[in-house]
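The values are calculated or read from the model by the stated rules, or taken from the named source; none is laboratory data. Everything numeric in this text was worked out from a predicted model, so none of it was measured. Backbone-built Cβ (ideal geometry, glycine too); neighbour counts: all protein chains shown. Only protein heavy atoms, including side chains, enter the accessible area calculation; ligands, DNA and RNA are left aside. Shrake-Rupley method; radii C 1.70, N 1.55, O 1.52, S 1.80 Å.
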Amino acid sequence: MDDNDIIQLYWDRNEQAIRITSDKYGHYCKAIARNILNNEEDAEECVNDTYLNAWNSMPTHWPKQLATFLGKITRNVSFNKYKHDHVEKRGSGEITLVLDELTDCVSDTDNVEQVLDHQELIKAISSFVRSLSENKRNLFVRRYWYADSVSAIANDTGMLQGTVSKTLERTRKQLKAYLTERGFEI
């Protein structure tokens with residue numbers, strides 16, 4: 001079944017939409033949640049929450065790409081779960097490393113100016129990522145969107161872990177310079 005047919009099931013409020021979504025995108029969503037949470041049961045819970053959020057949001061929104069839509073929901077639900085579980089402690093999962101690596105590029109303080117500049121920051125980061133070579137873009141997205149480990153990326157790409165790490169480090173420095181040039185305070 002193609003994505004438009006699945007989305008139509010959501011719009012028709014047909015409960016088969018969830019089963020079909022699970023069959024087609026369950027592994028994809030679970031991989032995202034597992035990378036962020038490093039816990040199988042929590043990942044499963046987040047994937048189920050993804051289906052509920054998709055069910056609740058689709059009658060008013062027709063996503064352009066279902067996989068991206070579901071991945072974004074899964075990622076947000078998983079990050080929220082991670083934040084909730086780690087309010088007072090630092091976890092040892094991959095996401096802690098991912099967030100630490102990006103700390104120098106994007107500030108984490110909440111103030112009025114940052115809230116207002118949020119959309120501009122998103123546009124600037126998207127523009128930066130689109131400007132990268134395909135190889136660098138894939139590494140960056142796998143690490144900082146999907147929270148894949150450096151070793152998994154190296155294994156899948158045939159690169160050495162040190163090469164992946166160094167490429168990501170250089171890309172983060174480029175991102176920081178790119179954002180600074182555009183007036184974002186780092």
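Name the one entry in LYS64, LYS81 that is at pLDDT below 90, under 18 Å from the mean Cα position of the chain (by Cα) and under 23 Å from ARG143 (Cα atoms).
LYS81
Can you work out which of the residues in region 133-148 that are part of a loop (DSSP other than H, G, I, E, B) and within 19 Å of the chain's Cα centre (by Cα) is nearest to CYS29 (Cα to Cα)?
Taking the candidates together, the pick is TYR146.
Within the set of pairs 6+ apart or on separate chains, which have a first residue in region 132-148 that is open to solvent by less than 50 Å² (accessible area, probe 1.4 Å), a second that is outside any helix (DSSP H, G or I), and C-beta atoms under 9 Å apart?
Correct list of pairs: LEU139/LEU132; LEU139/MET159; PHE140/LEU132; ARG143/SER149; ALA147/GLY93.
Please specify each residue of region 149-186 satisfying the condition of being of a type in the set (Phe, Trp, Tyr) and free of Cβ contacts under 8 Å to residues at least 60 places away in the same chain.
TYR178
Before we move on, is GLU94 among the acidic types (Asp, Glu) and modelled with pLDDT under 90?
Criteria met by GLU94.
Quick one: in region 149-182, of everything that is surrounded by fewer than 13 Cβ atoms within 10 Å (Cβ to Cβ) and of a type in the set (S, T, N, Q), which residue is nearest to the chain's Cα centre (by Cα)?
Going through the qualifying residues, I end up with SER151.
Write out, first by first residue and then by second, each pair whose Cβ atoms fall under 7 Å of each other, whose residues are 6+ apart or on separate chains, and whose first residue, in region 67-84, is under 18 Å from ASP23 (Cα atoms) while the second is open to solvent by 20 Å² or more (accessible area, probe 1.4 Å).
The qualifying pairs are ALA67/TYR25; ALA67/TYR28; LEU70/TYR25; GLY71/TYR28; ILE73/ASN53.
Can you pull out every residue in region 32-61 that is part of a loop (DSSP other than H, G, I, E, B) and either modelled with pLDDT of 90 or more or open to solvent by 20 Å² or more (accessible area, probe 1.4 Å) (or both)?
Correct list: ASN38, ASN39, PRO59, THR60, HIS61.
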